[in-house]
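Have a look at this one before I ask anything.
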């Protein structure tokens, strides 16, 4: 692949990631295509803003769905 083609592909992936980071599904791309490109789906990543203003995409941590309820009944 030539340098220009690589740059165009990287720019396309960057544009897809920007839309995904905003929580939007990119137009014209399916979930399967995103998975094939090793890209996350909307809602799987979040943008972290560092103290110096840098923005970083990190995977969202899934909240534990454990139930803290315990029954005090003897049965």
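Based on the Cβ-Cβ distance of residue 36 and residue 60, what FRET efficiency does E = 1/(1 + (r/R0)^6) give at R0 = 25 Å, to the nearest 0.05?
In this case the efficiency is close to 0.75.
Give the Cα extents of the stretch 3-59 along the principal axes, in whole Å, largest first.
34, 28, 17
Please build a GNM for the chain, connecting alpha carbons under 10 Å apart, and tell me which residue among 42, 26, 59 fluctuates the most.
The residue that fluctuates most here is 59.
FYI, it's all coordinate maths here, none of it is from the lab. Only a predicted model underlies this, so the values are computations on that prediction, with no experimental measurement involved. Here the Cβ is made from the backbone with ideal geometry for all residues, glycine too, and neighbour counts use every protein chain on show.
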